[in-house]
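One structure below.
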Amino acid sequence: MSEQMTVSPFGLELVKAFEGYFAKPYRCPAGVLTQGYGHTAAAGAPALGGVWSKDYASNVLAQTLERRYAAPVRKLLKRAP
């Protein structure tokens, strides 16, 4: 596969619209500590805390989506998208 599948800018904006942005950590309705655009400790590094800018939160979201979702799907593809 010459081109790697990635989450599109539209896909990132869609997730951001549903998640909402929170600069500081807060507890979601399920009681899970969350920050940025839906980032939790279960999603892995970076650690929660401090104040996240929108740019930083966007980068964390893009990296998390790539690592946890796009990469596993890419492994299952039989042909290039």
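Taking the 1.4 Å solvent-accessible surface of the chain as the whole, the part contributed by carbon and sulfur is 60%. Annotation for the chain: GluC sites (Glu not before Pro) lying in DSSP loop with at most 16 further Cβ atoms inside 10 Å of their Cβ are Glu3.
Counting only lysines at least 8 places from Lys16 when in the same chain, those with an alpha carbon closer than 29 Å to its own are Lys24, Lys54, Lys75.
Relative to the current alpha-carbon distance between Arg74 and Ala17, full extension at 0.36 nm per residue lengthens the span by 18.1 nm. Seen against the Cα atoms of the chain and their longest principal axis, helix 9-19 is set at about 30 degrees. The candidates Tyr37, Tyr21, Tyr56, arranged from most to least accessible area with a 1.4 Å probe in the full protein assembly, appear as Tyr56, Tyr21, Tyr37. At a probe radius of 1.4 angstrom, the accessible area of the chain per residue rounds to 71 square angstrom. Rounded to the nearest 10 degrees, the inclination of helix 54-65 to the longest alpha-carbon principal axis of the chain is 50 degrees. Which number do you get for Rg(Cα) / (2.2 N^0.38 Å) in the chain? Working it through for the chain, the quotient is 1.20.
The values are calculated or read from the model by the stated rules, or taken from the named source; none is laboratory data. Since the model is a prediction, treat every value here as computed from it, not as a measurement. Cβ coordinates were reconstructed from backbone atoms using ideal geometry, including for glycine residues, and neighbour counts include every protein chain displayed. In case anyone asks, the SASA skips ligands and DNA or RNA and just uses the protein heavy atoms, side chains included. Shrake-Rupley method; radii C 1.70, N 1.55, O 1.52, S 1.80 Å.
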